[in-house]
Amino acid sequence: FEWKNVPAGRYSVQIADASGMPDWFLKSVVAGGREALESGFSVSGGVTPLDLLASANGTTTEGVATNEKDEPINDAVVVAVPEARFRSHPERYRKAVSDQSGHFTLRGLSPGNYTIFAWDSVDGEAYYNPEFLKSYEGQGKALHVNEGDLLRVQVRVALTSGDEP
(Lines give C-alpha, C1' and ligand atoms only; values in the text may rest on other atoms or scores of the structure.)
Protein backbone atom coordinates (compact mmCIF):
# COMPACT_ATOMS: atom_id res chain seq x y z
CA PHE A 1 0.00 0.00 0.00
CA GLU A 2 1.01 3.60 -0.33
CA TRP A 3 0.14 6.76 1.58
CA LYS A 4 0.35 9.91 -0.45
CA ASN A 5 0.69 13.53 0.66
CA VAL A 6 1.89 12.63 4.15
CA PRO A 7 2.67 15.87 6.02
CA ALA A 8 6.24 16.38 7.17
CA GLY A 9 6.74 15.23 10.74
CA ARG A 10 7.79 12.48 13.09
CA TYR A 11 5.90 9.17 12.96
CA SER A 12 5.75 5.75 14.53
CA VAL A 13 3.95 2.60 13.46
CA GLN A 14 1.45 0.73 15.63
CA ILE A 15 -0.72 -2.34 15.18
CA ALA A 16 -4.30 -1.60 16.17
CA ASP A 17 -6.47 -4.42 17.52
CA ALA A 18 -9.38 -3.40 15.28
CA SER A 19 -9.54 -6.70 13.44
CA GLY A 20 -9.67 -9.06 16.41
CA MET A 21 -5.98 -10.05 16.38
CA PRO A 22 -5.00 -9.36 20.00
CA ASP A 23 -1.81 -11.46 19.94
CA TRP A 24 -0.07 -9.46 17.19
CA PHE A 25 2.86 -7.15 17.84
CA LEU A 26 5.47 -5.37 15.72
CA LYS A 27 8.87 -7.05 15.72
CA SER A 28 10.59 -4.62 13.39
CA VAL A 29 10.03 -1.31 11.63
CA VAL A 30 12.59 -0.15 9.08
CA ALA A 31 12.02 3.28 7.52
CA GLY A 32 14.29 4.39 4.71
CA GLY A 33 16.77 1.62 5.59
CA ARG A 34 16.98 2.54 9.31
CA GLU A 35 15.54 0.69 12.29
CA ALA A 36 12.64 2.76 13.60
CA LEU A 37 10.72 0.51 16.00
CA GLU A 38 11.92 2.31 19.15
CA SER A 39 12.68 5.80 17.86
CA GLY A 40 10.13 6.36 15.10
CA PHE A 41 11.02 8.06 11.81
CA SER A 42 10.81 11.42 10.09
CA VAL A 43 9.02 12.26 6.86
CA SER A 44 10.14 15.39 5.06
CA GLY A 45 8.77 14.78 1.59
CA GLY A 46 9.51 12.37 -1.20
CA VAL A 47 9.27 8.64 -0.68
CA THR A 48 10.05 6.83 2.58
CA PRO A 49 9.88 3.05 2.17
CA LEU A 50 8.68 1.14 5.24
CA ASP A 51 9.46 -2.49 5.94
CA LEU A 52 7.32 -3.95 8.71
CA LEU A 53 7.65 -7.32 10.39
CA ALA A 54 4.78 -8.37 12.65
CA SER A 55 4.29 -11.50 14.74
CA ALA A 56 1.11 -13.26 15.80
CA ASN A 57 2.97 -14.79 18.76
CA GLY A 58 2.61 -12.10 21.39
CA THR A 59 2.81 -13.21 24.98
CA THR A 60 -0.37 -13.91 26.90
CA THR A 61 -0.27 -13.27 30.61
CA GLU A 62 -3.12 -14.59 32.72
CA GLY A 63 -3.52 -14.09 36.40
CA VAL A 64 -5.45 -13.08 39.45
CA ALA A 65 -5.61 -9.66 41.09
CA THR A 66 -5.72 -9.97 44.87
CA ASN A 67 -5.83 -7.83 47.99
CA GLU A 68 -3.26 -7.98 50.81
CA LYS A 69 -5.03 -11.10 52.20
CA ASP A 70 -4.63 -12.86 48.80
CA GLU A 71 -8.39 -12.65 48.20
CA PRO A 72 -9.42 -12.11 44.55
CA ILE A 73 -10.49 -8.57 43.61
CA ASN A 74 -13.06 -8.00 40.87
CA ASP A 75 -12.96 -4.96 38.58
CA ALA A 76 -9.28 -4.28 39.29
CA VAL A 77 -7.48 -2.36 36.53
CA VAL A 78 -4.45 -4.46 35.55
CA VAL A 79 -1.76 -2.94 33.34
CA ALA A 80 1.44 -4.34 31.86
CA VAL A 81 3.83 -1.37 31.93
CA PRO A 82 6.89 -1.75 29.66
CA GLU A 83 10.46 -1.12 30.75
CA ALA A 84 11.53 2.53 30.99
CA ARG A 85 12.86 2.88 27.42
CA PHE A 86 9.42 2.00 25.99
CA ARG A 87 7.22 3.98 28.36
CA SER A 88 6.64 6.72 25.77
CA HIS A 89 5.20 4.04 23.43
CA PRO A 90 1.51 3.55 24.36
CA GLU A 91 1.28 0.53 22.04
CA ARG A 92 3.64 -1.36 24.39
CA TYR A 93 1.18 -1.20 27.31
CA ARG A 94 -1.60 -3.73 27.80
CA LYS A 95 -4.64 -3.26 30.03
CA ALA A 96 -7.35 -5.57 31.35
CA VAL A 97 -10.03 -5.49 34.03
CA SER A 98 -10.36 -8.44 36.39
CA ASP A 99 -13.58 -10.45 36.37
CA GLN A 100 -15.74 -11.51 39.35
CA SER A 101 -13.08 -14.06 40.35
CA GLY A 102 -10.20 -11.60 40.06
CA HIS A 103 -8.98 -13.22 36.81
CA PHE A 104 -7.52 -11.14 33.98
CA THR A 105 -5.81 -11.74 30.63
CA LEU A 106 -3.25 -9.46 28.97
CA ARG A 107 -2.62 -10.41 25.33
CA GLY A 108 -0.14 -9.47 22.64
CA LEU A 109 2.82 -8.39 24.76
CA SER A 110 5.99 -8.04 22.72
CA PRO A 111 9.18 -9.57 24.14
CA GLY A 112 10.85 -7.59 26.89
CA ASN A 113 10.57 -6.55 30.51
CA TYR A 114 7.34 -5.37 32.09
CA THR A 115 5.91 -4.54 35.47
CA ILE A 116 2.36 -5.72 36.06
CA PHE A 117 0.36 -3.35 38.23
CA ALA A 118 -3.19 -3.67 39.55
CA TRP A 119 -5.32 -0.88 40.99
CA ASP A 120 -8.83 -0.98 42.42
CA SER A 121 -9.41 2.11 40.27
CA VAL A 122 -7.31 4.48 38.19
CA ASP A 123 -8.18 7.86 36.66
CA GLY A 124 -8.25 7.50 32.87
CA GLU A 125 -4.86 6.43 31.59
CA ALA A 126 -2.79 7.80 34.48
CA TYR A 127 -0.43 4.79 34.17
CA TYR A 128 1.17 6.49 31.14
CA ASN A 129 2.43 9.22 33.51
CA PRO A 130 5.90 8.46 35.00
CA GLU A 131 5.11 10.51 38.13
CA PHE A 132 1.98 8.43 38.76
CA LEU A 133 3.95 5.19 38.37
CA LYS A 134 6.73 6.44 40.64
CA SER A 135 4.28 6.56 43.55
CA TYR A 136 3.66 2.80 43.11
CA GLU A 137 7.30 1.65 42.76
CA GLY A 138 7.85 -1.71 44.35
CA GLN A 139 4.15 -2.65 44.27
CA GLY A 140 4.14 -4.20 40.80
CA LYS A 141 5.18 -7.65 39.65
CA ALA A 142 8.31 -7.70 37.45
CA LEU A 143 8.01 -9.97 34.44
CA HIS A 144 10.25 -10.89 31.51
CA VAL A 145 8.41 -12.19 28.45
CA ASN A 146 9.62 -13.99 25.36
CA GLU A 147 7.75 -14.31 22.10
CA GLY A 148 4.86 -16.76 22.36
CA ASP A 149 5.02 -17.23 26.15
CA LEU A 150 1.94 -18.10 28.19
CA LEU A 151 2.55 -16.82 31.70
CA ARG A 152 0.52 -16.95 34.88
CA VAL A 153 0.92 -14.39 37.66
CA GLN A 154 -0.72 -13.20 40.83
CA VAL A 155 -0.58 -9.46 41.34
CA ARG A 156 -1.57 -7.59 44.46
CA VAL A 157 -3.70 -4.49 44.05
CA ALA A 158 -1.47 -1.47 44.72
CA LEU A 159 -2.02 0.55 47.85
CA THR A 160 -2.18 4.34 47.75
CA SER A 161 -0.46 6.37 50.45
CA GLY A 162 -3.76 6.66 52.37
CA ASP A 163 -4.49 2.92 52.36
CA GLU A 164 -3.61 0.74 55.32
CA PRO A 165 -1.65 -2.45 54.61
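The values are calculated or read from the model by the stated rules, or taken from the named source; none is laboratory data. Values in this document were obtained by computation on a predicted structure and should not be read as measured data. Cβ atoms come from the backbone with ideal geometry, glycine included; neighbour counts cover every protein chain shown. When the accessible area is computed, the model is the full protein with side chains, heavy atoms only, and any ligands, DNA or RNA have been set aside. Shrake-Rupley method; radii C 1.70, N 1.55, O 1.52, S 1.80 Å.
Give me the lysines in straight-line cross-link reach of Lys141: C-alpha distance below 19 Å, same-chain residues under 8 apart excluded.
Within reach: Lys69, Lys95.
For the stretch 1-132, which whole percent of the accessible surface, found with a 1.4 angstrom probe, sits on carbon and sulfur atoms?
Working: 3710 of 7660 Å².
Heavy-atom surface of the stretch 1-132 belonging to carbon and sulfur, 1.4 Å probe: 48 percent.
Loop only by DSSP, 15 or fewer other Cβ within 10 Å of the Cβ. Give me the GluC sites (Glu not before Pro) in the stretch 19-85 that pass, ordered by residue number.
Working: sites: Glu35, Glu38, Glu62, Glu68, Glu83; in loops: Glu38, Glu68, Glu83.
Those satisfying the criteria are Glu38, Glu68, Glu83.
Given Ile116, Ala96, Thr48, which one lies farthest toward the positive end of the charge dipole of the chain, if we put +1 on the Cβ of every Lys and Arg and -1 on the Cβ of every Asp and Glu?
Thr48
Determine which residues of the stretch 97-127 fall in the zone a paramagnetic label at Glu62 would reach in this model, i.e. backbone nitrogen under 13 Å from the point 7 Å along Cα→Cβ.
Inside the label zone: 103-107.
Under 13 Å from a point placed 7 Å out from the Cα of Asn74 along the Cα-to-Cβ direction: which residues of the stretch 116-132 have their backbone N that close?
Inside the label zone: nothing.
With a 1.4 Å probe and all protein chains kept in place, how do Val145, Val97, Val47, Val6 rank by accessible area, largest first?
Putting Val145, Val97, Val47, Val6 in descending order of accessible area: Val47, Val97, Val6, Val145.
If you put +1 on each Lys and Arg Cβ and -1 on each Asp and Glu Cβ, how big is the dipole of the chain around its Cα centre, in Debye rounded to 20? Could the numbers behind the result be given before it?
On the way: 15 positive and 23 negative charges, 127 e Å.
Charge dipole, the chain, about its Cα centre: 600 debye, nearest 20.
Return the loop-located chymotrypsin sites (Phe, Trp or Tyr not before Pro) in the stretch 1-110 (DSSP other than H, G, I, E, B) with at most 12 other Cβ atoms within 10 Å of their own Cβ; answer none if there are none. Don't skip to the answer; put the middle values down first.
Numbers: sites: Phe1, Trp3, Tyr11, Trp24, Phe25, Phe41, Phe86, Tyr93, Phe104; in loops: Phe1, Trp3, Trp24, Tyr93.
Passing both the DSSP loop test and the Cβ count: Phe1, Trp3.
Above 14 Å lies some portion of the pair distances; for the stretch 92-165, what is it as a whole percent of all C-alpha pairs? Could you put the intermediate results ahead of the total?
On the way: 1747 of 2701 pairs.
Taking all Cα-Cα pairs of the stretch 92-165, the fraction more than 14 Å apart is 65 percent.
Ignoring the sites themselves, what is the longest stretch of the chain with no trypsin sites (Lys or Arg not before Pro) in a DSSP loop and at most 11 other beta-carbon atoms within 10 Å? All intermediate terms of the calculation are to be shown ahead of the outcome.
Numbers: sites that count: Lys4, Lys69.
The answer is 70-165.
Post the alpha-carbon centroid distance, the stretch 76-125 to the stretch 32-71, in whole angstrom.
Spelled out, the Cα-based centre of one part sits 14 Å from the other.
In the stretch 47-165, what percentage of the DSSP-assigned beta bridges are antiparallel, given to the nearest 5? Don't skip to the answer; put the middle values down first.
Values: 21 of 29 bridges.
The antiparallel fraction comes to roughly 70 percent.
Ignoring ligands, DNA and RNA, how do Leu52, Leu151 rank by accessible area with a 1.4 Å probe, largest first?
Values: Leu52 85, Leu151 40 Å².
Largest to smallest exposure gives the sequence Leu52, Leu151.
Can you give the accessible area per residue of the chain, in Å², using a 1.4 Å probe?
On the way: 9950 Å² over 165 residues.
Dividing the accessible area of the chain by its residue count gives 60 Å².
Tell me which residues come under 5 Å, amide H to amide H, from Val122 once H is placed; ignore anything under 5 positions away on its chain.
Those lying under 5 Å, H to H, from Val122: there are none.
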